[in-house]
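The values are calculated or read from the model by the stated rules, or taken from the named source; none is laboratory data. Predicted model only: the values in this text are computed from it and were never measured. So basically every Cβ, Gly included, is an ideal-geometry build from the backbone, and we count neighbours across all protein chains shown.
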Amino acid sequence: MIAFITPELVCDTVCENGLNHRYIYVDSLQRVHTVYHKKVGGVWQIFYRMKDTSWGNEERITNTIYDAKYPSITVSRDSVFVVWHDYRVGGISNIEIFFNAKPIGSTVWNAETRLTYTNSGGPGDNGYVPTIKEHNGRLFVVWYDYRDDPSSMNAQIYLKVRDSVWNEDIRISNSPSNAWYPSFDFLRDTLFIVWADNRNTSYNIYAYKGYGDERITTSVSYYPDIATSGSRSLLVYVNSSISPPNIYGKIYDGSWSSDFPIRPSPNSQRDPTVISDGHGGWIVAWSENGDIVGFRVRWDGVITDSFRIYLPGDQTRPTLFIDNSGYIHLAFVDRSISPTKPRIYYTRSLDPLKVYEIPNDKYLFKAKKRIRMGKVLIGDYDISGRKIE
């Protein structure tokens, strides 16, 4: 069992985040950066906070009379970058994506940049829940957007990239129905985007790996997240074809493995998130029975270490980060006071992750084949991968 420090309260005044994107980042000096939206005079505004040896003061990024929600953060070199969706242009009928940045250590934010211009006047001019990541010196932002359907019924997945300047919006999905809640990572230098899409009557997970849409799941599937570790990617999602819904996974290693439950449970599981552990595997976390639950998934699909964060009430929408020393950083939304008074907590593993040696290619082939045969190892295992009965 992975032990964590006592969770620390980051924001205690009606504040939240989540929906399967990154709102925490830990830089090379172990400084923790987090963003969230917080009620100020009845209006949601975007805030940032950093922990060095202790938590610094809140920094307000937006200051409008309209809501701003669901920020995502990344840090590159000596700068902090934040995106969010914002209601200032036309309220609920015209939500746009905004961006801001500042040097680490400074309390002065740059002038805001509006990233999307979908305001044609129709009710469907909305871009929602952006996620930002840096790769090879470039910034990538992915979100779901209703600009192509003025009735605001069917969204598409969009991408925007910044080299020295922000480039034009790129439509990724080609769904005749609704595509939403995207997640993305990079498989080597290939952009790997996944989302939920109901073009086949029920929602399935679709993926984009440089060209075209690819259907990944046939079960009723929602809220995907994806992370790359080495040459493999792990997709996690809510499988709603079973009752109660559980978190399932699929490993991509040139082709997709069979679907497998991360940890079967008689409780409803939701809000999955996944990140590379830096050693060929992944850490997965989700909300279950009011707690934040997590497991380590090895390169071959074997479930190893686990953790559970116990607090009174309901904890939801976790996000993860693994720092360069191997510590797990976890933030989540706490609703123990009431569903309408959410708070943000942060915690970190007491110890860095153990290193599992990656075996040779022959073993990996066997492991991959074992997963595809639907015989993913479920249960408790020791460090060598032997099952504990």
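Side notes on the structure shown:
- Close pairs (6 angstrom Cβ cut-off, 6 or more residues apart or separate chains): buried (at least 16 other Cβ atoms within 10 Å of the Cβ) in the range 53-79, among the small types (Gly, Ala, Ser) anywhere: 62/68
- Some residue of the range 178-192 being closer than 23 Å to residue 18 by Cβ, touching a residue at least 12 places away in the same chain (Cβ under 8 Å), in a strand (DSSP E or B) and of a type in the set (D, E, K, R): yes
- Which listed residue, of 88, 22, 60, 77, is at pLDDT 95 or above and basic (Lys, Arg): 60
- Residue pairs whose Cβ atoms lie under 6 Å apart, separated by 6 or more positions or on different chains, with the first residue in the range 97-118 and loosely packed, with under 15 Cβ neighbours inside 10 Å and the second hydrophobic (A, V, I, L, M, F, W, C), are 110/101; 113/99; 114/98.
- Top-ranked residue of the range 330-375 - restricted to ones that are among the acidic types (Asp, Glu) and modelled with pLDDT of 90 or more, ranked as farthest from residue 8 (Cα to Cα): 351
- Meets criteria (of a type in the set (Gly, Ala, Ser), buried (at least 19 other Cβ atoms within 10 Å of the Cβ), outside any strand (DSSP E or B) and in contact (Cβ under 8 Å) with a residue 24 or more places away in the chain) for residue 278: no
- Failed item in (1) over 19 Å from residue 194 (Cα atoms); (2) touching a strand residue (DSSP E or B) at 6+ places or on another chain (Cβ under 9 Å), with residue 243 passing the rest: (2)
- Residues in the range 68-119 that are of a type in the set (A, V, I, L, M) and within 19 Å of residue 21 (Cβ to Cβ): 10 in all.
- Strands (runs of 3 or more DSSP E) contained in the range 283-322 and holding at least 1 residues crowded, with 22+ Cβ neighbours inside 10 Å and free of Cβ contacts under 8 Å to residues at least 60 places away in the same chain: 291-297, 315-322
Each row is one residue, and each column tells you yes or no for (1) of a type in the set (A, V, I, L, M); (2) under 19 Å from the mean Cα position of the chain (by Cα); (3) surrounded by 21 or more Cβ atoms within 10 Å (Cβ to Cβ).
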{"position": "149", "(1), (2), (3)": "no, no, no"}
{"position": "169", "(1), (2), (3)": "no, no, no"}
{"position": "176", "(1), (2), (3)": "no, no, no"}
{"position": "189", "(1), (2), (3)": "no, no, no"}
{"position": "192", "(1), (2), (3)": "no, yes, no"}
{"position": "205", "(1), (2), (3)": "yes, yes, yes"}
{"position": "220", "(1), (2), (3)": "yes, no, no"}
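- Matching residues in the range 43-58 - criterion: being assigned to a loop (DSSP other than H, G, I, E, B) and within 23 Å of residue 130 (Cα to Cα): 58
- Subset of the range 156-167 that is over 19 Å from the mean Cα position of the chain (by Cα) and surrounded by 14 or more Cβ atoms within 10 Å (Cβ to Cβ) - its residue that is nearest to residue 94 (Cα to Cα): 166
- Among the conditions (1) out of contact with any Gly (no Cβ under 9 Å at 6 or more places or on another chain); (2) touching a residue at least 40 places away in the same chain (Cβ under 8 Å); (3) among the β-branched types (Val, Ile, Thr), the only one that residue 2 does not satisfy is (1).
- Here the condition is being hydrophobic (A, V, I, L, M, F, W, C) and either over 21 Å from the mean Cα position of the chain (by Cα) or surrounded by fewer than 18 Cβ atoms within 10 Å (Cβ to Cβ) (or both); of 5, 46, it holds for 5 alone.
- Which numbered condition residue 211 misses (of (1) more than 16 Å from the chain's Cα centre (by Cα); (2) closer than 25 Å to residue 319 by Cα): (2)
- Selection from the range 213-251 of residues that are more than 16 Å from residue 178 (Cα to Cα), outside any strand (DSSP E or B) and either among the aromatic types (Phe, Trp, Tyr) or at pLDDT below 95 (or both): 230, 231
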